[in-house]
Each structure stands twice: as structure tokens, then as C-alpha cells.
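Here is the structure we will look at.
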Amino acid sequence: MTAPLSQIAREKGIRYFLISFTDFMGTQRAKLVPAQAIDTMVANGAGFAGFAVWLDMTPADPDILAVPDLTSLFQLSWKPEVAWLPADLYTTTGEPIAQTPRLVLKRVLKQAQDLGYTVCTGVECEYFLLAPDGQQLADPQDRQTKPCYDQQALMRRFAVIAEICDAMLALDWGAYQNDHEDANGQFEMNWKYADALVTADRHAFFKYMVKSIAENHGLRATFMPKPFLQFTGNGCHTHLSVWDSTGTTNLFHDPAGALGLSTLAYHFIGGVLHSAAALTAFANPTVNSYKRINAPVTASGATWSPNTISYSGNNRTHLIRIPDQDRFELRLPDGAANPYLLPAALIALGLDGITQQRDPGPRNDRNSYTDPSATSTLPANLLDALRCLETNSILSERLGPEFVTSYLKLKHREWQDYSSHISPWELEHTLDC
């Protein structure tokens, strides 16, 4: 039995707990609870007004209760007297709130479990380090045309990078490398894959941690998909494998299969490709997202993001890459993707592919940037992606129709808000029409 959190707090020197949940838009919401009151919050939940955050609720709805998950505790390395706890949302009568992103992921993982599967994921979260005003890169010397793996630029940010990596090591995530990415001022940090829910919680905390540590160094970190038109955008490449119910045998691995993958793996990939256009509503959830996946060539010579619905071997120009004989990499998602809704939608489509035995078709090993061939293209904007989601019964059924309806409602409202603004481009090109 897990010890009471108040006891853990005394042992670890924790004075406060952040009881946190992630809403539709990926924004983290929290209440700061003193250690003396934490056991009561564990038993009863922390109260929030649902309409005050990005959930499909009204001011007339009763409070929602955030019940923390005691198995996922993250002590803040930069402020060790505070610990972060991800939470699930419930009504005051104890009913789970179906539109909670973390519970949507749990719903899909239960579907996998019922089929005898455990799903493991890993994420590669890219981010920029900017000046505090968010308008320019923090490092004015970072100017190489091809800055990827730039040793000098990496080491000029050693203090920030090392502090974040040290924190991941202390949390036992299995951090194993850090690098300067393909855009000036852009970085990526890698840690070991894990159970999909564990990775999602780590993903959510990682974004909070990076932003907080950057602020402590007088910088601003952003995971925005495309903050600079001339540079490569922020991806969130996701690696996935399916294991048996005990989590000991990788069911994607087959030495006799093409590129070392099993028939099960190819069916999973087939399911993802079958509904990839609808998946973009979760993998690329903002207006800005489509300036990354449909971008022209960047200063470095490539966008490193997919434009077509296709899969390949170790070829980074496609939506799905097979880098090894035990997993695949989805290169579609960007830094705005919700840490819980992204894997939920991805796994839902893969399970559909398995149950329907969907064929992904022939592998495409061409350079899709220069030779897209006849492959289907991705949605051109958020509205197109939402329309694809509206007509996709697979995601509605597996994620829950109530959730998908609410998500579409809020995202359409976001598109309408964007469309109601007049941009400088419109004035420049239309004022004298």
C-alpha cells in the first residue's frame, strides 16, 4: 500500500503539492495544496470550476474534482519543496468526466488491454529558447545555416540543458542524450520509452519543467509548432510499440518481417494511415500547426515534417518512419499536441488497424519532398482537419462520442476566433484592391 502523501512529504521535504490536470488546449491547470491538507485532497479531490478552463462546460455546471494519481509524483528539482501530481477529473458524485484528456487516454489503453496488449510510447519534444519577450532567439550567435548538432551553440546553453537533463536523471526517466536541433535556437532532449500513460505524464511535466527552468535562467522556452517561418518547426515525434499483456514481449518485432516488423505492426500502421487526416486534429491542434506540416523549404534546406500520408523505412520525409525493427516513429505531431490526446488518438487508430487488419500498402522509400508521387496529402489547415475528424467514426467510437463532440465544439470556436482577426498580410495585399 502506498504511504499517505503527508508522510511522503515529511520524508522528502515537500511543503506543497501542485494538483494538476491538462485541459483540451493542452493548458495545465493546478491548485497549490499545502502538505498538511494533501491527504484530504487525495480522498475528496481538489475543486475547480469547469467553465473557467478549456472544457465544454458552462457556469451553471457544478464543480469538477481533480483527484491526483498517487503513482505519478514529480518533485520539482528547481523547487524541491514542491511536488507535481497529475490528476483525473470527476463529478461531485464520483462519476468520471468523459472529456478529461487523461481519462480519454485511459479509455483507449483499456481497449488495448482488453485485446491483450500493452502500449509503449516515447516522445521527442523540440523547443526553442527565446529572449524573455518571446520575439527573438535567446542566443544571437546561433546563426549557422545548418545549425543541427551545433556543438558551440549547444554548449552556450549548457547551464539550462544540463539542469533539465539532471532533473530527468534524478526522476529516473532514463535520459540519454541532448542536442541542438535543425533550427537556430532549437533543442531536443531524449529519454527512454515507457508505458503510454507514464510517458504522457512525463511529457506534460517535461513541458512545465523546461519552461520553468528556462525562466529561472532569464529565458523563455516555447513548444509552439512554427514560431519562425524561416526555421524548422517544433515537432513532437512519437515512437510506439505494442507488447503483450505482461509487457515483456514486443509484439511488433518479427525478424522474418519486412524491416523486422510483424504483421500486427503493419496492421497498426495501416490503421494510422487510414485515418491520418483525422488524426491531425489531435497531432496538429492549432492554427499555427499547419505552417509546420505544409511549410516551404526552411533556411536549413528541409522542414523535417511530413506533407503526405505515407510510410517508409529509415526515411525522415514521410509521416511514418520505421527506424528500427521493434517500433515505428510518427513524425506528424508538433509541440502543441496534447500529451494525453495525441497518444489516445494514435493508439485508437492503431487498434482499429489491428482489429480490421488494415493493409498500409507498399512502403514508399522515395524523398517525399521532391517526389510525393500519388500519396494523399495532409489537411491544409485546422478547419480541414476538424472536418476530417467530424466524419471519422473510428475516433468518435474509441475516444468517446461525447468527448469528440466537445472537442470539435471548442476547436471550431478557436478557428472562428482566428478567422475574425485581420492580419497584416491581408492589409498589405488587399488594402488597395
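The values are calculated or read from the model by the stated rules, or taken from the named source; none is laboratory data. Just so it is clear, the model here is predicted, and its values are computed rather than measured. Ideal geometry is used to build each Cβ from the backbone, glycine not excepted, and the neighbour counts take in all protein chains shown. Keep in mind that these areas ignore ligands, DNA and RNA; they rest on the heavy atoms of the full protein, side chains included. Shrake-Rupley method; radii C 1.70, N 1.55, O 1.52, S 1.80 Å.
Here is how the numbers come out for the structure above:
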{"quantity": "Euclidean distance between Cα centres, the stretch 12-82 to the stretch 222-263, Å", "calculated": "30"}
{"quantity": "DSSP H segments from the chain that extend 24 Å or more along their own axis, Cα-based, with Kyte-Doolittle mean of 0.0 or above", "calculated": "196-216"}
{"quantity": "Lys110 accessible area, assembled protein chains, probe 1.4 Å, Å²", "calculated": "100"}
{"quantity": "Leading residue at positive end of dipole, the chain (Cβ point charges), from Pro68, Leu389, Thr355", "calculated": "Pro68"}
{"quantity": "Per-q log10 I(q)/I(0), the stretch 1-136, q = 0.11, 0.16 Å⁻¹ (Debye; single scatterer per alpha-carbon; no solvent)", "calculated": "-0.51, -0.98"}
{"quantity": "Separation in nanometres of the label points that stand 7 Å from Cα toward Cβ, at Ala302 and Ala170", "calculated": "3.7"}
{"quantity": "Surface per residue (accessible, 1.4 Å probe) for the stretch 283-372, Å²", "calculated": "32"}
{"quantity": "Computed accessible area, Glu163, all protein chains, 1.4 angstrom probe, square angstrom", "calculated": "60"}
{"quantity": "Residue-normalised accessible area of the stretch 121-251, given per residue in Å² at a 1.4 Å probe", "calculated": "42"}
{"quantity": "Theoretical FRET efficiency, 1/(1+(r/R0)^6), r = Cβ-Cβ of Trp78 and Lys110, R0 25 Å, to 0.05", "calculated": "0.10"}
{"quantity": "Distance cut-off 12 Å, percentage of C-alpha pairs in the stretch 308-354 lying past it", "calculated": "66"}
{"quantity": "Translational diffusion of the stretch 284-433, µm² s⁻¹ [Kirkwood Rh, Cα pairs; Stokes-Einstein; 4 °C; 1.567 mPa s]", "calculated": "75"}
{"quantity": "Semi-axis lengths (Å, descending) of the ellipsoid that matches the C-alpha gyration tensor of the chain", "calculated": "32, 27, 24"}
{"quantity": "Relative pair counts by distance (%), Cα atoms of the stretch 132-231, 10 Å bins", "calculated": "14, 47, 32, 7"}
{"quantity": "GNM flexibility winner over the chain from Thr286, Thr308, Thr375 (Cα, springs under 10 Å)", "calculated": "Thr375"}
{"quantity": "The chain: antiparallel DSSP beta bridges as a percent of all, rounded to 5", "calculated": "90"}
{"quantity": "Pairs of lysine residues in the chain - Cα separation under 19 Å, sequence separation of 8 or more or cross-chain", "calculated": "13"}
{"quantity": "Geometric extent, Cα atoms of the stretch 220-291 - Rg, Dmax (angstrom)", "calculated": "16.7, 48"}
{"quantity": "Heavy atoms of Tyr176 accessible to a 1.4 Å probe, total area in Å² rounded to 10", "calculated": "140"}
{"quantity": "Of all accessible heavy-atom area on the chain, the percent that carbon and sulfur account for (1.4 Å)", "calculated": "52"}
{"quantity": "Gap separating the Cα centres of the stretch 131-210 and the stretch 360-415, nearest whole Å", "calculated": "29"}
{"quantity": "Kirkwood Rh and Cα Rg combined as Rg over Rh, evaluated for the stretch 43-116", "calculated": "1.04"}
